[in-house]
């Protein structure tokens, strides 16, 4: 390859934000390398987007492939910040013009009950590993610890991602119960037809299958769920319309997938028997000044074979990166520039945190995983729109960063060659020969729809 003097940017994480940044920088004539912790650069699209979104997953992953095969874009799989990549070394010793962190939010926010995490895998499950298991458990070489989707699971959440969790649990438990009754069913057909219609077609009910359904508990009101967007400074009449819309959406979703819902209730303690978590103590809440407040003396027990926490995801703590609470500390919301480093920038949920989609979008703070987290779980067009928004905002940030680099001294050809030589050594260590398309084809997992020969009946 014939090098020219210019800039070389390190991007940690592929997926929506990282690939879009690499693409935009390439269009500006800037070299970049995407360091990806997994074999595939698809992030939450592969491991967080439930696997029934077959067409959307394939479409979005194809877009990422196209962006990561642009001129001046390099790829290094199976290297993780804090493991094969040292943050201090990456920032200070590699010689990059800038470092962009697009590594998302893979760490579940802890359920706020003292000592609860001691029961992880022993009655307690978090959202991210549950969805990852659901997406990959059918693969022949899948060797992670599995989950058993029990009936009457207690799900703590209320955000939009928790609706994916309850849907997964209902699909799993109903499919297992149908098999016990000698009825063949698969997850994609159940999801596509909806559980209620499938059962009706077989003259069955949830009760006839011996199931109660999982329970989603939410500390706020049903009308507070982010299922329909509330305009800023909405007048009372408009707010009532949004509230009614939210109720209708949730009721329709319950009617399709048959889970239960409990509002204005929050976990306050754990229930442990014989060293295992067997439920939670809950308390009733009321809304005060827009926030839920515990009502004293209203505690009650809810026993369940498994508790799933779905209360949000946050970035992993990385040594040397200053934190601002649960997020990385940044100086500029427009570029994601870090407080402690002039040439380190964040993309996506590593700096934004969760929030209302439109409000955050309007302020230029909403990208990548945040948008994957806050969507309507049952409408394909919502996923598509939010992914589009994520790419747009990540791209604009990349453009802003490119503008900043335009004012900086260019790297010499020798400096660029030195960086490339080092990343080549890293590629060799992980067995990547530089042929992106071949690598992707070799490492794509077996798809569930291919195993069962599934084709949608409509569309």
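The values are calculated or read from the model by the stated rules, or taken from the named source; none is laboratory data. The shown structure was predicted, so the numbers you read here are calculated from the model rather than taken from an experiment. Positions of Cβ are backbone-derived with ideal geometry, glycine not excepted, and every protein chain shown enters the neighbour counts.
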Qualifying positions in region 231-280 - in a strand (DSSP E or B) and either out of contact with any strand residue (DSSP E or B) (no Cβ under 8 Å at 6 or more places or on another chain) or modelled with pLDDT under 95 (or both): 273, 276
Checklist (1) under 28 Å from residue 193 (Cα atoms); (2) crowded, with 17+ Cβ neighbours inside 10 Å applied to residue 248, failing item: (2)
Residue ID - modelled with the lowest pLDDT, chosen from residues in region 139-169 that are crowded, with 17+ Cβ neighbours inside 10 Å and more than 20 Å from the chain's Cα centre (by Cα): 149
Out of 18, 43, sole residue that is within 20 Å of the chain's Cα centre (by Cα) and on the phi < 0 side of the Ramachandran plot: 18
Conditions (1) outside any strand (DSSP E or B); (2) touching a strand residue (DSSP E or B) at 6+ places or on another chain (Cβ under 9 Å); (3) closer than 21 Å to residue 51 by Cβ; number of the one not met by residue 155: (1)
Verdict on residue 111 being more than 26 Å from residue 36 (Cβ to Cβ) and in contact (Cβ under 8 Å) with a residue 12 or more places away in the chain: yes
Top-ranked residue in region 43-91 [being part of a loop (DSSP other than H, G, I, E, B) and touching a strand residue (DSSP E or B) at 6+ places or on another chain (Cβ under 6 Å); ranked as surrounded by the most Cβ atoms within 10 Å (Cβ to Cβ)]: 68
Given (1) over 18 Å from the mean Cα position of the chain (by Cα); (2) surrounded by fewer than 16 Cβ atoms within 10 Å (Cβ to Cβ), number of the condition residue 96 does not satisfy: (2)
Boolean, residue 279 is on the phi > 0 side of the Ramachandran plot, buried (at least 17 other Cβ atoms within 10 Å of the Cβ) and not assigned by TED's automatic domain parsing to the domain that holds residue 93: yes
Residue check, residue 125 assigned to a strand (DSSP E or B), surrounded by 15 or more Cβ atoms within 10 Å (Cβ to Cβ) and in contact (Cβ under 8 Å) with a residue 12 or more places away in the chain: yes
Qualifying strands (runs of 3 or more DSSP E) (wholly inside region 298-342; at least 3 residues being surrounded by fewer than 14 Cβ atoms within 10 Å (Cβ to Cβ) and either in the same structural domain as residue 127 (by TED's automatic domain parsing) or touching a strand residue (DSSP E or B) at 6+ places or on another chain (Cβ under 6 Å) (or both)): 300-303
